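Asker: Dropping a structure here in structure tokens format, bear with me for questions.
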There are 2 protein chains.
Amino acid sequence: MRRTTLPNGLQVVTEHMPASRTFSVGVFAGVGSRHETPALHGASHFLEHVLFKGTARRSAEEISAAVEAVGGELNAYTTKEYTCFYARVLQGDAALAVDVLTDMITASTITGSDLDAERAVIQDEIAMHADDPGEVVQEVVAGHVFAGSGLGRTVIGSPGSIADLTRDQVVRHWRRHYGPSSLVVAAAGHVDHDRLVEQLASLDARPHGPARRPPKATAVNSRGGLVTAERRVEQVSAVLGYPSPGLFDDARYALGLLSLVLGGGMSSRLFVEVRERRGLTYGIDAGETTYSDAGLWSVDWQCAPNKLAPIVDLVRATLAEVAEHGVTEAELARAQGQMRGQTVLSYESPSSRMSRLGGNTVLGDQRDLAEVLDRFDAVDAGQVQAAAATLFSQQPVLGLVGPRVPAKVLRDWSS
Amino acid sequence: MRRTTLPNGLQVVTEHMPASRTFSVGVFAGVGSRHETPALHGASHFLEHVLFKGTARRSAEEISAAVEAVGGELNAYTTKEYTCFYARVLQGDAALAVDVLTDMITASTITGSDLDAERAVIQDEIAMHADDPGEVVQEVVAGHVFAGSGLGRTVIGSPGSIADLTRDQVVRHWRRHYGPSSLVVAAAGHVDHDRLVEQLASLDARPHGPARRPPKATAVNSRGGLVTAERRVEQVSAVLGYPSPGLFDDARYALGLLSLVLGGGMSSRLFVEVRERRGLTYGIDAGETTYSDAGLWSVDWQCAPNKLAPIVDLVRATLAEVAEHGVTEAELARAQGQMRGQTVLSYESPSSRMSRLGGNTVLGDQRDLAEVLDRFDAVDAGQVQAAAATLFSQQPVLGLVGPRVPAKVLRDWSS
């Protein structure tokens, strides 16, 4: 792994994988919905769309055709904390991919008509998300736990905020958050680090950009409760959530193992209790969503409405049990083996390594995988129990999206 | 790539990738929904679930824990033509993964109570699929085009067929379709072919199994028309479909390139016309679903109901244009480059290679990638136009799932 910081603040981080014939590269901008004021809600994602619409050198069609003609993939995504534009190509097309990506994010024309075309597209995208109960329930729970913070707002924006965003606001958002010192270029696969740095040095003429201010610390709402949205579907999408530590909190190691014991696959406690032994749902998962300074730990499932109350009771009993009695040494060893193996497996591909390198670097996390795995191996059973006791002593929030909430659940959760 | 057929008919096909530290293995059984009578609708997928429930040597929890404890992944899926059980592990755990998979599919206990627990789970899974308009629309179109054939029925079954399936029927389905001569074991990554063959030779004691009969040839319904299902959602999920050639038809090469020109990414004709220039939808794709003896070529999108009629008109005009005037040499060259590049990229990982090797072998397709790519390169523009003219001279079927069908579309499509 090699890291270089250019004089203008742009960070370049790469991992050369000698056996790979492909090149994965991403440009990460440290901006997402948490950096938006309510009036700018959805601006980061809107900008991500608009940057595909054309530059001084290339029309929108030419941007995508340049990469697609060599069989490459070009796409982007926006999270609550950063935006990533990425390409995946054969090794011989690396310079082309970097040229297209840097052109897009630095030389976009951002015309008013392009903005309006994408405004219509995003309104459709909002409607698509609203039609997906499994996504909506994540958002209503995040909206409750992180109420008043940018982490509590959706990445995509609301119909109203998207309708109101002006070209001027979007261009200012771009200027403010895409300065070189806010950017990370990450690459993995067949990578020539020096050549990449040289190619990126041409961006060096650009001004340093405004100093980055850290986003406001996340305010966490620790009052649990019931949050719901109605959808006319057959199954209820449910999330039982608890506030949890952020990326830099050492508590994450014990917590990560706890998540595996409770929800890591078909041998986990929750899957075995709820699905394997009782057939109450098709699937049930548990785990944490981690942001730089806060997180949300949750159990997620879908079920028939008449199974909701028994599943909630069973889940809470399972969580209470582990908070009180902890995990066995065998469970801990299995979770540690699982963490190590699945980490190695999940970072096998150049694109997954690139995503990890870039995402972590843009959040300021430079720990390497080996170091992180050693920390997981050093956790003992007492620490896992302590993590469970801390986590589950909090008031949970129950999010439900689907048909009417069963009366028993309403009674149990009305306070 | 190495292939071995054991004396009992079991085929083993592997690809060793020296740089890989991981091992991906799949056991493919040549049975899916197309091999089911209406009374057995869903039996292949039901069986896939049940084979995870325990063997003489391992309980359900022990099956998943064996692989998950080393960080591996164990899962399965059922298609219309075959069923695949697969594992992905670190190289040192290869023998373990093969032992667990072969144990599951050959020594399952299939108890009545396990069957009933999974019956409830599958009823939930059916409800989940019914809640997803994008999946439902694919099925209603397939149900129209392949009416009366197994390809026209869902993999998962219906609430009624799943309620009625007996243990005896499921066990007979297993005995009939999981004989060694119906099975393919495929592996890729860090693979020792000889050792794998040796490990599988212990299965040799099993009888050869019934001779495989090819499934009934697919009857294709060439009457186009409108098929709909109502869902109370904001967006319409739409599919415009045409019957297309099967896997072994040489027409697939020209057709594959036509699909890229029309729907292969953000530089394709449909994306540029419908999304890029007019912002009518978030995304639009086109391409073929290919079975061994038949296929379905379709354009797929989601949109607001008031955009449906303009999009259908625009899509049909785009298809008519390419049928009449063909593609340019530049488009053909770009599609060929795209095909070559995306094929190399998409088979970079051991798991994708394993899936291709096993899936093709179980369908009787032994062409290697280089041969297939050469065939795409040999296609000329005249062949692409001929493919388009043949395809789009057929009556299309329009599938719509969502809110009420707009009056204009109803008028246009009523015959």
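Asker: Within region A:16-40, which residues are farther than 16 Å from A:ALA201 by Cβ, within 14 Å of chain B (Cβ to nearest Cβ) and surrounded by 21 or more Cβ atoms within 10 Å (Cβ to Cβ)? Give the steps one after another, and end with the answer.
Answerer: First, the residues of region A:16-40 that are farther than 16 Å from A:ALA201 by Cβ: A:16-24, A:26, A:28-40.
Then drop every residue that is not within 14 Å of chain B (Cβ to nearest Cβ), which leaves A:16-24.
Of everything in region A:16-40, those that are farther than 16 Å from A:ALA201 by Cβ, within 14 Å of chain B (Cβ to nearest Cβ) and surrounded by 21 or more Cβ atoms within 10 Å (Cβ to Cβ) turn out to be A:THR22, A:PHE23, A:SER24.
Asker: Which condition number in (1) of a type outside the set (Gly, Ala, Ser); (2) in contact with a helix residue (DSSP H, G or I) (Cβ under 8 Å, 6 or more places away or on another chain); (3) at the interface with chain A (Cβ under 10 Å from one of its Cβ atoms) is the one that B:LEU314 fails?
Answerer: So B:LEU314 meets the others, but not (3).
Asker: Shifting gears a bit: Kindly evaluate A:ALA317 against the criterion of being surrounded by fewer than 16 Cβ atoms within 10 Å (Cβ to Cβ), over 23 Å from the mean Cα position of the chain (by Cα) and modelled with pLDDT of 95 or more.
Answerer: Yes.
Asker: Moving on. Within region A:402-410, can one find any residue that is within 11 Å of another protein chain (Cβ to nearest Cβ), within 26 Å of the chain's Cα centre (by Cα) and farther than 30 Å from A:VAL12 by Cα?
Answerer: yes
Asker: If you take the residues in region A:289-311 that are away from chain B (no Cβ under 14 Å) and within 14 Å of A:LEU400 (Cβ to Cβ), which one is surrounded by the fewest Cβ atoms within 10 Å (Cβ to Cβ)? Show your work before the answer.
Answerer: The first filter runs over region A:289-311 and keeps only residues away from chain B (no Cβ under 14 Å), leaving A:289-299, A:309.
Restricting the remaining residues to those that are within 14 Å of A:LEU400 (Cβ to Cβ) gives A:298-299, A:309.
Values: A:SER298: 26, A:VAL299: 26, A:ALA309: 17.
So the residue we want is A:ALA309.
Asker: Conditions first: (1) of a type outside the set (Lys, Arg); (2) on the phi < 0 side of the Ramachandran plot; (3) more than 13 Å from every other protein chain (Cβ to nearest Cβ). A:VAL70 passes all but one, so which condition is the exception?
Answerer: (3)
Asker: So which residues in region A:212-241 are away from chain B (no Cβ under 14 Å), touching a residue at least 40 places away in the same chain (Cβ under 8 Å) and part of a loop (DSSP other than H, G, I, E, B)?
Answerer: Quick first cut of region A:212-241, residues away from chain B (no Cβ under 14 Å) only: A:212-228, A:239-241.
Now drop any that are not touching a residue at least 40 places away in the same chain (Cβ under 8 Å), which leaves A:212, A:215-228, A:239-241.
Within region A:212-241, A:ARG212, A:PRO215, A:LYS216, A:ALA217, A:THR218, A:ALA219, A:VAL220, A:ASN221, A:SER222, A:ARG223, A:GLY224 qualify.
Asker: Next up: What is the residue count in region B:242-285 for residues that are away from chain A (no Cβ under 14 Å) and either buried (at least 19 other Cβ atoms within 10 Å of the Cβ) or small (Gly, Ala, Ser) (or both)? Spell out the reasoning first.
Answerer: Filtering region B:242-285 down to residues away from chain A (no Cβ under 14 Å) leaves B:242-255, B:258.
Pick out the ones that are also either buried (at least 19 other Cβ atoms within 10 Å of the Cβ) or small (Gly, Ala, Ser) (or both) and you get B:242-246, B:251-255, B:258.
Within region B:242-285, residues that are away from chain A (no Cβ under 14 Å) and either buried (at least 19 other Cβ atoms within 10 Å of the Cβ) or small (Gly, Ala, Ser) (or both) number 11.
Asker: Might you check whether a residue that is more than 13 Å from chain B (Cβ to nearest Cβ), part of a helix (DSSP H, G or I), small (Gly, Ala, Ser) and within 21 Å of the chain's Cα centre (by Cα) occurs anywhere in region A:147-169?
Answerer: Residues of region A:147-169 more than 13 Å from chain B (Cβ to nearest Cβ): A:147-155, A:157-158, A:160-161, A:163-169.
Still in the list and also part of a helix (DSSP H, G or I): A:150-152, A:160-161, A:163-164, A:167-169.
Those still in the list that are small (Gly, Ala, Ser) too: A:150, A:152, A:160-161, A:163.
Filter again for within 21 Å of the chain's Cα centre (by Cα), leaving A:150, A:152.
Yes.
Asker: Considering region A:351-368 alone, what residues qualify as being within 13 Å of chain B (Cβ to nearest Cβ) and over 19 Å from A:GLU73 (Cα atoms)?
Answerer: If the condition is that a residue be within 13 Å of chain B (Cβ to nearest Cβ) and over 19 Å from A:GLU73 (Cα atoms), then no residue fits.
Asker: Spot the failing condition for B:GLU348; the list is (1) more than 8 Å from every other protein chain (Cβ to nearest Cβ); (2) of a type in the set (Asp, Glu); (3) more than 28 Å from A:THR111 (Cα to Cα), and only one is missed.
Answerer: Unmet for B:GLU348, out of (1) more than 8 Å from every other protein chain (Cβ to nearest Cβ); (2) of a type in the set (Asp, Glu); (3) more than 28 Å from A:THR111 (Cα to Cα): (1).
Asker: Tell me yes or no: at least one residue of region A:115-133 is at pLDDT 95 or above and away from every other protein chain (no Cβ under 11 Å).
Answerer: Looking through region A:115-133, none of the residues is at pLDDT 95 or above and away from every other protein chain (no Cβ under 11 Å).
Asker: Looking only at residues that are in a loop (DSSP other than H, G, I, E, B) and either of a type outside the set (D, E, K, R) or under 13 Å from the mean Cα position of the chain (by Cα) (or both) in region B:274-294, which one is nearest to B:VAL261 (Cα to Cα)?
Answerer: This residue is B:GLY283.
Asker: Kindly establish whether A:ARG58 is modelled with pLDDT of 95 or more and more than 14 Å from chain B (Cβ to nearest Cβ).
Answerer: Working: modelled with pLDDT of 95 or more: yes; more than 14 Å from chain B (Cβ to nearest Cβ): no.
The answer is no for A:ARG58.
Asker: Does region A:327-341 contain at least one residue that is within 13 Å of chain B (Cβ to nearest Cβ), surrounded by 16 or more Cβ atoms within 10 Å (Cβ to Cβ) and touching a Cys at 6+ places or on another chain (Cβ under 8 Å)?
Answerer: no
Asker: What is the residue count in region B:129-160 for residues that are under 17 Å from B:ALA217 (Cβ atoms) and surrounded by fewer than 21 Cβ atoms within 10 Å (Cβ to Cβ)? Outline the logic, then answer.
Answerer: So in region B:129-160, the residues under 17 Å from B:ALA217 (Cβ atoms) come out as B:142, B:145-153.
Filter once more, so that each one left must be surrounded by fewer than 21 Cβ atoms within 10 Å (Cβ to Cβ): B:147-148.
Of the residues in region B:129-160, 2 are under 17 Å from B:ALA217 (Cβ atoms) and surrounded by fewer than 21 Cβ atoms within 10 Å (Cβ to Cβ).
Asker: Continuing with the same structure: Please pick out the residue among A:GLY32, A:GLY72, A:GLY54 that is under 16 Å from the mean Cα position of the chain (by Cα) and touching a residue at least 24 places away in the same chain (Cβ under 8 Å). Full working, then the answer.
Answerer: Working: A:GLY72 fails: under 16 Å from the mean Cα position of the chain (by Cα); A:GLY54 fails: under 16 Å from the mean Cα position of the chain (by Cα).
Just a single option satisfies the conditions, and that option is A:GLY32.
Asker: Mind listing whichever residues of region A:178-197 are at pLDDT 95 or above and assigned to a helix (DSSP H, G or I)?
Answerer: Once the filter is applied, which keeps residues that are at pLDDT 95 or above and assigned to a helix (DSSP H, G or I), region A:178-197 yields A:HIS193, A:ASP194, A:ARG195, A:LEU196, A:VAL197.
Asker: Also, quick follow-up: Going through B:LEU101, B:LEU10, B:LEU40, B:LEU90 one at a time, which residue ends up being of a type in the set (A, V, I, L, M), assigned by TED's automatic domain parsing to the domain that holds B:GLY160 and more than 19 Å from B:SER355 (Cα to Cα)?
Answerer: Details: B:LEU101 fails: more than 19 Å from B:SER355 (Cα to Cα); B:LEU10 fails: more than 19 Å from B:SER355 (Cα to Cα); B:LEU90 fails: more than 19 Å from B:SER355 (Cα to Cα).
Answer to the check: B:LEU40.
Asker: Take the conditions touching a strand residue (DSSP E or B) at 6+ places or on another chain (Cβ under 6 Å) and part of a helix (DSSP H, G or I) and apply them to A:ASP124. Does it pass?
Answerer: When the stated conditions are applied, A:ASP124 does not pass them.
Asker: Please go through region A:34-50 and pick out each residue that is polar (S, T, N, Q) and at pLDDT 95 or above.
Answerer: Once the filter is applied, which keeps residues that are polar (S, T, N, Q) and at pLDDT 95 or above, region A:34-50 yields only A:SER44.
The values are calculated or read from the model by the stated rules, or taken from the named source; none is laboratory data. What you are looking at is a predicted structure, and each value in this text was computed from that prediction instead of being measured. Methodologically, a virtual Cβ is constructed for each residue, glycine included, from the backbone with ideal geometry; neighbour enumeration extends over all protein chains shown.
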